[in-house]
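Have a look at the structure below before the remarks.
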């Protein structure tokens, strides 16, 4: 197909498609003449993945580039691919950590050890959790730490469901895409479902309004 048809199929403008090609997110089409190129279903699939990561997953172009590089690395294990995708969606804090964050990191390390989770040192998710706990402490909600294990149990169940979904795919192309989709877009799905559950739980605890 020509780039115009690819644009119509995906709803992505031609200039944007060309930009993704220049940025290395989308493979170039096959040249049929000096000014013409053709694209196939693989380009359409990749383009839809890019838009999902950008629009729903909230990744930056640089973050998507890193994820795409991991997807295209045939020597990277599925476990490392999952880590590469996960690391891109976790907020990173570059400011010097305050005393509260330093203390919260200890609590996070204790949680990780208590749950028996095997994660690499310096995992950005651990630091993001510590930063959130420190903010809760600053707001006078240090007792929130008492529900961390309940959160951890829910996270373990969701993680197992994610990986069971990923494991259904045997072809690497399908496998790596499901890893990225399950990790990045799964966050958006779980966040939305948690908010729906909050509405229901709030009504059951505090009474539904008629």
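None of the figures in this text is laboratory data; all of them are computed from the coordinates on show. Being a predicted model, the structure only gives us computed values, none of them experimental. Counting neighbours? That spans all protein chains shown, and the Cβs are built from the backbone with ideal geometry, glycine included.
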So if each residue of separation counts as 0.36 nm, and I subtract the Cα-Cα distance between residue 18 and residue 167, what length gain in nm does that give?
50.3 nm
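Using a Förster distance of 22 angstrom, determine the FRET efficiency expected from the C-beta separation of residue 193 and residue 132, and round it to 0.05.
Computed FRET efficiency for residue 193 and residue 132 comes out at 0.70.
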Using a 7 Å offset from the Cα along the Cα-to-Cβ direction at both residue 205 and residue 149, what is the distance between the two label points in nm, to one decimal?
1.9
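Remind me, relative contact order of the chain in percent, using alpha carbon pairs under 8 angstrom and six or more residues apart? Don't skip to the end; give the middle numbers.
On the way: 150 pairs, mean separation 38.4, N = 210.
Reported relative contact order: 18 percent.
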Return, ordered by residue number, the residues of segment 1-30 whose backbone nitrogen is under 19 Å from a label point located 7 Å along Cα→Cβ of residue 61.
7, 11-29
Mean separation of Cα contacts under 8 Å (at least 6 apart) over the residue count of segment 1-83, i.e. the relative contact order in percent, is 25
For segment 1-55, what is the largest minus smallest coordinate of the Cα atoms on each principal axis, given in angstrom and ordered from greatest to least?
33, 21, 18
